[in-house]
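Everything below concerns the one structure shown next.
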Amino acid sequence: MPRSAIVQEYNPAPTLSVDRKSAQHQHEGVVARPQGYRVSWHANPAVELHHFGQSHPMKPWRLTLTKQLVLAYGMHHAMDLYHSRAATAEELNDFHSSDYLDFLQAVIPGDMNDPQSKELSENIVRFNFGDDCPIFDGLFQYCSLYSGASIDAARKLCNNQADIAINWSGGLHHAKKAEASGFCYINDIVLAILQLLRIHPRVMYIDIDVHHGDGVEQAFWSSDRVLTVSFHKYDKENFFPGTGPLDSTGPTHPLNPGAHHAVNVPLHDGIDDESYVQLFRDVIGACVESYRPAAIVLQCGADSLGCDRLGCFNLNVAAHGACVAFTKTFNLPLLVVGGGGYTPRNVSRAWAHETSILLDAQDKINPVIPDNVAFRNHFGPDYSLFPPLSEIRKLENKNSRAYLATIVQTIREQLRYLAAAPSVQMSVIPPDLLGLREDTEKEIEEEIAKMEEDREEFRDGGKSSRRRDAEKGAGLRGELYS
């Protein structure tokens, strides 16, 4: 198939009304629009053409397979389709540092092997570029495009132009403020959540990638306006990124507004469908009940599937999708993004199936992949949307029922410390979250020192005039700035 066919776009007939099109599509056996809510799809085919390198596990081409499955099943009829734009440097600067963005825009592939200056060589190391995060042609364009899609998707939710917004090219959850990490350069999730916080007082972030969502957790570490929940394989020494143990729950100081607002679900190899789905329901149900978010961002990294090139779980496509289905039941504004996933044929199966779930059309989708889908040969020999991944490469399940029960019990105890539905002043969105974290913790230490001075003055017969002000100030920090 010629390269141009990879990026072909569907152009709906402009002469039919939405109602007439829906009726016609239903008659033709294709997916009709869901009743009572709107779903938007955000993509730019230029993202699919970027290449990390022959041996690199990240393959943007998995988005091409996903799109072709969605088209073949007729799901594009049921969504509002948006050709996403590239995010501007100013928008990226809402989270990422200016010097890091300048480097991303200026660096070229040849600089990796032959840096032209000492400063450039130092920046390559400083910003963590190398084998995991290579410099390839069109790097900044790639980052801008997938980030622009997530930003635009979040804005559709904020403007009530969609109830569910999808960007499968997003979900790059490891990127830090000034550091590339784990195949991720720009953290589109953080940028999207910042958009949602302009309208919604509380956002819950859920991550079902096999790797810990460390970049998003770190970004909102000191905020009570975002609850991060990550399900992941945890092995500090032997599995990237080595973070996210059960007892990592946010800042250790109880006066920091972000305390207890990081929920981590560390898992061992081989967890199966039944255990994972039940655990997801137990944890997410408890989090929603305690935190009462106004919107949800769901990262659907498909490297948690069985047979993934970098994964170590025994999940099948249906179980992965069951997590999406459960999240949808809360009927909250929902942004769905992609993430990891390094066996492209299975990534596309999962994301196509999850698109059908978001459209309430999973029962209308034939489990046999249609004959007319482009690149159908990649889905052989069974040509099924639901291959038995857990049987093809079955790993021992090292997650005992007792261990999983302990996780749920510990998280329920953690949630007891949350101030349910914290009040916020909506006029301020922190532009520099990592700087805010450092400033907040420094100010808290100063306030505590002042309290200690007041106590000493009181003991010496003096007045304790600053104590009330210090306590009041400590409370206002979380409401105004987090």
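The values are calculated or read from the model by the stated rules, or taken from the named source; none is laboratory data. In this text, all values refer to a predicted model and were calculated from it rather than measured experimentally. All Cβ positions, even for glycine, are placed from backbone atoms using ideal geometry, and neighbour counts span all protein chains on display. All accessible areas refer to the heavy atoms of the entire protein, side chains included, with ligands and DNA or RNA removed. Shrake-Rupley method; radii C 1.70, N 1.55, O 1.52, S 1.80 Å.
Restricting attention to the stretch 396-408, which residues are in a helix (DSSP H, G or I) and open to solvent by 60 Å² or more (accessible area, probe 1.4 Å)?
So the first thing to find is which residues in the stretch 396-408 are in a helix (DSSP H, G or I), and the list is 401-408.
R401, A402, Y403, T406 - these are the residues of the stretch 396-408 that are in a helix (DSSP H, G or I) and open to solvent by 60 Å² or more (accessible area, probe 1.4 Å).
Name the one entry in V317, V283 that is buried (at least 24 other Cβ atoms within 10 Å of the Cβ), among the β-branched types (V, I, T) and farther than 22 Å from C184 by Cα. So that I can check it myself, show each step before the final result.
Details: V283 fails: buried (at least 24 other Cβ atoms within 10 Å of the Cβ).
Answer to the selection: V317.
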The lone condition T327 fails out of (1) open to solvent by 10 Å² or more (accessible area, probe 1.4 Å); (2) closer than 24 Å to S147 by Cα is (1)
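Regarding S384, is this residue farther than 30 Å from D247 by Cβ and among the small types (G, A, S)?
Numbers: farther than 30 Å from D247 by Cβ: yes; among the small types (G, A, S): yes.
So S384 fits the description; yes.
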What's the total number of residues in the stretch 112-154 that are open to solvent by 10 Å² or more (accessible area, probe 1.4 Å), among the polar types (S, T, N, Q) and modelled with pLDDT of 95 or more?
2
Subset of the stretch 343-395 [within 15 Å of D273 (Cβ to Cβ) and part of a loop (DSSP other than H, G, I, E, B)]
F386, P387, P388, R393, K394, L395
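Among L310, L279, L246, which is under 24 Å from N167 (Cβ atoms) and in contact (Cβ under 8 Å) with a residue 12 or more places away in the chain? Give the steps one after another, and end with the answer.
On the way: L279 fails: under 24 Å from N167 (Cβ atoms); L246 fails: under 24 Å from N167 (Cβ atoms).
So the residue among L310, L279, L246 that is under 24 Å from N167 (Cβ atoms) and in contact (Cβ under 8 Å) with a residue 12 or more places away in the chain is L310.
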Inspect the stretch 376-385 for any residue being closer than 21 Å to A322 by Cα and either surrounded by fewer than 12 Cβ atoms within 10 Å (Cβ to Cβ) or touching a residue at least 40 places away in the same chain (Cβ under 8 Å) (or both) and give the result as yes or no.
yes
The stretch 313-340 residues that are free of Cβ contacts under 8 Å to residues at least 24 places away in the same chain, paired with ones that are in a strand (DSSP E or B) (beta carbon under 6 Å, 6 or more apart)
none
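Could you check, for the stretch 202-212, whether at least one of its residues is modelled with pLDDT of 95 or more, out of contact with any Phe, Trp or Tyr (no Cβ under 9 Å at 6 or more places or on another chain) and either within 20 Å of V190 (Cα to Cα) or charged (D, E, K, R) (or both)?
The initial filter retains those residues of the stretch 202-212 that are modelled with pLDDT of 95 or more, namely 202-212.
Of the ones still in play, those that are also out of contact with any Phe, Trp or Tyr (no Cβ under 9 Å at 6 or more places or on another chain) are none.
Taking every residue of the stretch 202-212 in turn, none turns out to be modelled with pLDDT of 95 or more, out of contact with any Phe, Trp or Tyr (no Cβ under 9 Å at 6 or more places or on another chain) and either within 20 Å of V190 (Cα to Cα) or charged (D, E, K, R) (or both).
Would you confirm whether or not the stretch 144-152 contains a residue that is more than 24 Å from G340 (Cα to Cα) and in a helix (DSSP H, G or I)?
No; the residues of the stretch 144-152 include none that is more than 24 Å from G340 (Cα to Cα) and in a helix (DSSP H, G or I).
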Evaluate the following for I199: is it in contact (Cβ under 8 Å) with a residue 12 or more places away in the chain and touching a Ser or Thr at 6+ places or on another chain (Cβ under 8 Å)?
no
Inside the stretch 181-236, the number of residues satisfying the requirement of being over 15 Å from the mean Cα position of the chain (by Cα) and open to solvent by 10 Å² or more (accessible area, probe 1.4 Å) is 11
Going residue by residue through the stretch 304-316, is there one that turns out to be assigned to a helix (DSSP H, G or I) and either at positive phi or within 19 Å of the chain's Cα centre (by Cα) (or both)?
yes
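Conditions tested, residue by residue: (1) modelled with pLDDT of 95 or more; (2) basic (K, R); (3) open to solvent by 70 Å² or more (accessible area, probe 1.4 Å); (4) not in a helix (DSSP H, G or I).
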| position | (1), (2), (3), (4) |
| --- | --- |
| P12 | no, no, no, yes |
| D19 | no, no, yes, no |
| Q26 | no, no, yes, no |
| V30 | no, no, no, yes |
| P34 | yes, no, no, yes |
| Y37 | yes, no, no, yes |
| H42 | yes, no, no, yes |
| V47 | yes, no, no, no |
Return a yes/no flag: does the stretch 347-358 have any residue that is open to solvent by 20 Å² or more (accessible area, probe 1.4 Å), on the phi < 0 side of the Ramachandran plot and within 17 Å of the chain's Cα centre (by Cα).
no
Which condition number in (1) within 18 Å of the chain's Cα centre (by Cα); (2) within 17 Å of V408 (Cα to Cα); (3) open to solvent by 10 Å² or more (accessible area, probe 1.4 Å) is the one that P266 fails?
(3)
Counting only residues that are under 15 Å from V297 (Cα atoms) and in contact with a Pro (Cβ under 6 Å, 6 or more places away or on another chain), the stretch 215-232 contains a total of 0
